[in-house]
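Heads up: the structure comes next, in structure tokens.
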Amino acid sequence: MKVKDLINMLSDRQRKSVEGCLERCDLLDPEEEIAKEIPQDVVEFSKIIANPIRASILKMLSNRWLCVCLIAKALDQDQTLISHHLRTLKRFNLLHEKREGKLRFYRTNREVLERYLEKLSLELLGGRS
């Protein structure tokens, strides 16, 4: 939607105020498109990293392999809760997993994390992907 279309949707009072401002200043281009949609995968990624436990897990695993029991102990959380968060992170391919006997070790998939962070940055800062 263009800026001018949004201006036309305003009440008479608001429209006059905005149009007066546009005549005095050069802040807006009435022909400019206003992008408001964010790709669903970027929205879901934002929800995933907004959780403090998941964000902490990604940080803890950024440079090392750790098993669930060590992650749970470090975060002072129940292993079941940590396993739930690990499944969520794995679903988005944000973790590498390695099995050693009965234990599973995890590490942040930095390439995927960096790709999502770049997409998020481009979307929020007005770049095009």
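The values are calculated or read from the model by the stated rules, or taken from the named source; none is laboratory data. The shown structure was predicted, so the numbers you read here are calculated from the model rather than taken from an experiment. Neighbour counts are summed over all protein chains in view; Cβ atoms, including those assigned to glycine, are modelled from backbone coordinates with ideal geometry.
So the values come out like this:
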| quantity | calculated |
| --- | --- |
| Selection count, segment 19-53, where residues are exposed (fewer than 13 other Cβ atoms within 10 Å of the Cβ), hydrophobic (A, V, I, L, M, F, W, C) and over 30 Å from ILE82 (Cβ atoms) | 5 |
| Identity of the residue in segment 77-104, over 22 Å from the mean Cα position of the chain (by Cα) and part of a loop (DSSP other than H, G, I, E, B), that ends up nearest to ARG54 (Cα to Cα) | GLN77 |
| Identity of the residue in segment 105-129, modelled with pLDDT under 95 and touching a Leu at 6+ places or on another chain (Cβ under 9 Å), that ends up farthest from ALA55 (Cα to Cα) | ARG128 |
| Out of ALA50, ALA35, ALA72, sole residue that is touching a helix residue (DSSP H, G or I) at 6+ places or on another chain (Cβ under 6 Å) and of a type outside the set (D, E, K, R) | ALA72 |
| Qualifying residue in segment 61-79 (condition: surrounded by 10 or more Cβ atoms within 10 Å (Cβ to Cβ), within 20 Å of GLY126 (Cα to Cα), in contact (Cβ under 8 Å) with a residue 24 or more places away in the chain and not small (Gly, Ala, Ser)) | no |
| Residue within segment 8-18 that is under 18 Å from the mean Cα position of the chain (by Cα), surrounded by fewer than 11 Cβ atoms within 10 Å (Cβ to Cβ) and polar (S, T, N, Q) present | no |
